[in-house]
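Below: the structure, in structure tokens.
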Amino acid sequence: MIKKVIKSKEEIYNDVLEVYVNEINKNPEIVLGLATGSTPEPLYKKLIEAYNDSKISFSKVETFNLDEYEGIKKENEQSYYSFMNKNLFSKVDIKKENINMPPNKEEGIEEYEKKLNEKKIDIQLLGIGSNGHIAFNEPGTPFNTRTHKVKLAQKTIDDNSRFFDKKEDVPTEAISMGLANIMEAKKIILIAIGETKAEIIKELFSNDNISEQLPASILKKHEDVTIYMDQEAAKLI
Ligand code: F6R
């Protein structure tokens, strides 16, 4: 069962922040599954503010990110490592050794899986692609997939081109946690903001179907998932 919360964008990020502040304080060694993209940015800003106001510390927090582009160096400003560093890691007291980013090439997958299997993600943060992907598990990805190399769907490349100067610069492959990894998280928070997510949110909730053609539909099988939506994303449900 998916719990739905429909509120204004501002209220959503405040609600989600509250969850993180409470959970981090309850368990300072919490393991967080983190996402990149536009959706988590406001949350990361609020987490930095909470850290600056001494409401939370990341000194014992461990993180795992969902995905990384294939073949893009860590230092490249388009890498998801750079995104995380700029938007969160460099601004809080997290220890470098507690940050886990997926590798940027296939060879590192086994090691990432090993680390993931030694830990259990307490809260997994997710955005949703306009084609229903979670992490970079594109439509058609088997539900039992673990960390793997993916070919990005054309829709994802088109959506992500807004972050690049030219469409040709958008990587076409990535390394992503699989749907099986995501389902192992104890708690899942998915945030969907804006009109561009309205169609896929409608599809997700229009029936009870769980289909590999809509990767996010697997979340219906998880026992602790909350989808936070603003009024624009929820306008068709
Ligand atoms: C990012 C990720 C993706 C995004 C999704 C939505 O790490 O795994 O699944 O969450 O593409 O992206 P935004 O938030 O930019 O709309």
The number of Lys pairs in the range 126-211 whose alpha carbons lie under 29 Å apart, excluding pairs fewer than 8 residues apart on one chain, is 24
Rounded to the nearest Å, what's the spacing between the alpha carbon centres of the range 205-233 and the range 1-44? Just the number, please. 17
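Can you check what the Kirkwood hydrodynamic radius comes to for the range 166-226, Cα pairs only, in Å to one decimal?
Working: mean 1/r = 0.0732 Å⁻¹.
So the Kirkwood estimate lands at 13.7 Å.
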Out of residues 5 or more away from PHE64 or on other chains, whose amide H comes under 5 Å of its own, with H placed 1.01 Å from N in the peptide plane? LEU32, GLY33, LEU34, ASN100
Can you run phi through the Karplus equation (6.51, -1.76, 1.60; θ = phi - 60°) for the range 181-192 and list ³J(HN,Hα) in whole Hz, with x for Gly and Pro? 4, 4, 5, 7, 5, 5, 9, 10, 10, 10, 10, 10
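Convex hull over the alpha-carbon atoms of the range 65-166: what's its volume per residue in Å³? Could the numbers behind the result be given before it?
Values: hull volume 13.0 nm³, N = 102.
Convex hull volume per residue, Cα atoms: 127 Å³.
What do you get when you divide the Cα radius of gyration of the range 135-237 by 2.2 N^0.38 Å, with N the number of residues? Before the final figure, lay out the partial values.
Values: Rg = 14.4 Å, N = 103, 2.2 N^0.38 = 12.8 Å.
For the range 135-237, the normalised Cα radius of gyration comes out at 1.12.
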Cut-off under 5 Å, modelled amide H: who pairs with LEU126 long-range: ILE189, LEU190, ILE191
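Nearest 500 deg cm²/dmol is fine: what mean residue ellipticity at 222 nm does the chain get from its DSSP H runs of n ≥ 4 alone, each adding -39,500 (n - 2.57), divided by its residue count?
The per-residue figure over the chain is -8500 deg cm²/dmol.
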Rounded to whole Hz and in sequence order, give me ³J(HN,Hα) for the range 205-218 from the Karplus expression 6.51 cos²θ - 1.76 cosθ + 1.60, θ = phi - 60°, writing x for Gly and Pro. 9, 6, 7, 8, 4, 10, 9, 5, 6, 10, x, 5, 5, 4
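Calculate how many DSSP beta bridges within the range 138-237 are antiparallel, expressed in % of all such bridges and rounded to the nearest 5.
Details: 4 of 9 bridges.
About 45 percent, rounded to the nearest 5.
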Report ³J(HN,Hα) in whole Hz for each residue of the range 77-89, in order, from the Karplus equation J = 6.51 cos²θ - 1.76 cosθ + 1.60 where θ = phi - 60°; Gly and Pro get x. 5, 8, 6, 6, 4, 4, 4, 5, 4, 5, 8, 8, 4
Would you work out what percent of the accessible area of the range 135-237, with all protein chains in place, is carbon or sulfur (probe 1.4 Å)? 45
Quick one: what does P(r) look like for the range 1-141 with 10 Å bins over all Cα pairs, in whole %? 11, 41, 37, 12, 0
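For the peptides 213-219, 230-236, 69-75, what is the packing order when you average, over each peptide's residues, the other Cβ atoms within 10 Å and list the highest mean first? Walk me through the intermediate numbers first.
Working: 213-219: 20.9, 230-236: 18.0, 69-75: 15.7.
Sorting 213-219, 230-236, 69-75 by mean packing, highest first, produces 213-219, 230-236, 69-75.
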Å² of accessible area per residue within the chain, as computed with a 1.4 Å probe and no ligands counted: 48
Taking the chain as a Gaussian network, where each spring joins two C-alpha atoms under 10 Å apart, which residue of ASN65, ASN181, ASN209 fluctuates the most? ASN209
P(r) for the chain: what percent of alpha-carbon pairs falls in each 5 Å bin, starting at zero? 1, 7, 14, 20, 21, 18, 13, 5, 1, 0
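The values are calculated or read from the model by the stated rules, or taken from the named source; none is laboratory data. Remember, predicted model here, so these are calculated numbers, not experimental data. Glycine also receives a Cβ, built like all others from the backbone with ideal geometry; neighbour counts cover every protein chain displayed. Note: accessible area is taken over every heavy atom of the protein model, side chains too, but ligands, DNA and RNA are not part of it. Shrake-Rupley method; radii C 1.70, N 1.55, O 1.52, S 1.80 Å.
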